[in-house]
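Here the structure is laid out as structure tokens; the discussion comes afterwards.
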Amino acid sequence: MISAQKYFTNVSKQGQFLFKRLASIKNSTPSYKVVVIGGGTGGLAVSSTLSQVLGKSAVAVIEPSNVHYYQPLWTFVGAGLKSFEESAKPIEEVFPKDADLIKNKAAKVDPENNTVILQDGQQVKYEYLVVATGIQINWNKIKGLQESLTKPNSNVTSIYSADTVKSTWDLVRNFGGGNAIFTMPSTPIKCPGAAIKIAYLAEDHFTKSFVRKRSKVIYNTAMGKIFSVEKYANSLNRIAKERDIQVNLQTELTEINNDKNEAIFKDLKTGDSKVFNYNLLHVVPPMGPPSFIAESKIGNAAGWVDVDQYTLQHVKYPNIFSLGDSSSAPTSKTAAAISAQSGVLKKNLLNLINGNFNPTLAEKYDGYASCPLLVGRDKLVLAEFSGYTMKPMETFPFDQGVERKSMYYLTKEIIPEIYWTRLLKGTWTGPHGVRHWLSYIP
């Protein structure tokens, strides 16, 4: 819905944003050992390592964007705790030096002929394919949402867009009281903890700015519980009760009437609709798999790339792998999950290329994911768990279900540095090494 990469607009407009490693594909059909669709977190984490191992120009990444965003930082941006600029870097700065960048968008995959068809009709051949396209945001699935987000002086916002994340902080800091409503859809979403995090951060600001007493903070989630893992759900429910945040389960936003500041929600238990008046409405939009996956016949029934959840290899086409938000692996769609998946995928794919891949003995992904659950300006519950078992997989030798200042600092200052300098460079594959080392502490 919203196209906007305003931070680097002037650069791209003037044609000054040059890619020295941009593949020239106009006069021939290029062929690569590995083609990666998507230059987001997963795509860069994988292509950085593979291009180093396989050599210069053996790996190509298909990515249309000029800017790479560290989107987990947008919760901090929406709460006025980080600048938007800290979340963005030109793609050239983070792109692996030995890979080719194809500045285009994948429109379809022809898995029978090992070919990717680009948006402009050109084709790219591959021996092995990694699909890391992320998730598709479906802004149009909520009636009135697109108009509400773009209308001047609207009280509707979302941290899920580069265009609106800064307006979230404007609405939060200028909030004078009334109903502040935060939503969560029934679909899978990226960074699922963000829906509740921004509610807690806003409530904390309302308290500190002395408007809390004349405010009602409401969290309407279409899900059946506040968080999928019981331990952390218990923590979030306790905090919501202590701070008088109203939590309504199985309550899904279906329509916005921006002129009247009305939001219509559906009770998923009864099917009834209910109107909420709002003075601030933060919306997490519905999301789903990119449509080209199903059209390419590489998806499962739900449209996600159909991979073995442990090896991340496609169940039908052995030369295709997938990770991250576009994968069918049934775990939380987070950057932390991608970090662990990237290590598994790279090892398995390189073994396949070298003729040493055995599905039985292959590296296995255990469903690891993490949601740093911000509950205040200096408090955070660090949820780490397996999305396969819904059991905690905590790194530190203390109860991570308790909100801590140390975990807030870790998430705000240290993890972004790990992201830019290690994960995107292919050298960070999750905290399993740290967890193993800390296990020796008595």
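Only the coordinates and a few stated rules stand behind these numbers; no lab work does. Fair warning: this is a prediction, and the values are worked out from it, not measured in the lab. Don't worry about glycine lacking a Cβ; one is built from the backbone with ideal geometry, like all the others, and counts go over all protein chains shown.
Which of the chymotrypsin sites (Phe, Trp or Tyr not before Pro) found in region 114-216 are loop residues per DSSP with 10 or fewer other Cβ atoms within 10 Å of their Cβ? Present the calculation step by step, with values, prior to reporting the outcome.
Values: sites: 126, 128, 139, 160, 169, 175, 182, 200, 206, 210; in loops: 160, 175, 210.
Here the sparse-neighbourhood loop sites are 210.
Short to long, the 5 Å bins of the Cα pair-distance histogram for region 368-438 hold 4, 16, 22, 27, 21, 9, 1 percent of all pairs. From its DSSP helices (H runs of at least four residues, each -39,500 (n - 2.57)), the chain gives a residue-normalised ellipticity at 222 nm of -7000 deg cm²/dmol. Each residue of region 260-271 is assigned a 3J(HN,Hα), and the resulting list reads 9, 6, 10, 10, 9, 10, 9, 7, 6, 7, 10, x Hz, derived from the Karplus form 6.51 cos²θ - 1.76 cosθ + 1.60 (θ = phi - 60°), x at Gly and Pro.
Amide hydrogen proximity for residue 67: with H placed 1.01 Å from N in the peptide plane, the residues at 5 or more positions away or on another chain lying under 5 Å are 91. Histogrammed with a bin width of 10 Å, the alpha carbon distances of region 85-201 distribute as 9, 29, 28, 22, 10, 2 percent, first bin at zero.
Taking the convex hull of the alpha carbon positions in the chain and averaging its projected area over all directions gives 21.7 nm². Counting only aspartates and glutamates at least 8 places from residue 141 when in the same chain, those with an alpha carbon closer than 18 Å to its own are 252, 255, 262, 267.
When the listed pairs 266/297; 297/346; 97/425; 190/274; 56/297 are checked against a 22 Å cut-off, the alpha-carbon distance exceeds it for 266/297; 297/346; 190/274; 56/297.
The amide H of residue 109, built 1.01 Å from its N in the peptide plane, has 117, 296 as neighbours under 5 Å, considering only residues 5 or more places off or on other chains. The ranking of 196, 91, 264 from fewest to most other beta carbons within 10 Å of each one's beta carbon is 264, 91, 196. What angle, in degrees between 0 and 90 and rounded to the nearest 10, separates the Cα long axis of helix 41-54 from the longest principal axis of the Cα atoms of the chain? Roughly 20 degrees between the two axes. What the phi angles of region 279-286 give under the Karplus curve with 6.51, -1.76 and 1.60, with θ = phi - 60°, is a coupling list of 10, 8, 10, 9, 10, 9, x, x Hz, glycine and proline written as x. The string of couplings for region 104-111 from the Karplus curve (6.51, -1.76, 1.60, θ = phi - 60°) is 7, 10, 6, 9, 6, 10, 9, x Hz, one whole number per residue in order, with x for Gly and Pro. Inter-label distance, residue 427 to residue 86: 2.3 nm, where each label sits 7 Å from its Cα along the C-beta direction. Sorted largest first, the spans of the alpha carbon positions of region 311-442 along the three principal axes are 48, 33, 30 Å.
Of 432, 282, 205, the sequence from fewest to most neighbouring Cβ atoms within 10 angstrom is 432, 205, 282.
Ignoring lysines fewer than eight residues from residue 241 along the same chain, the ones with Cα atoms less than 20 angstrom from its Cα are 197, 208, 213, 216, 225, 231, 379.
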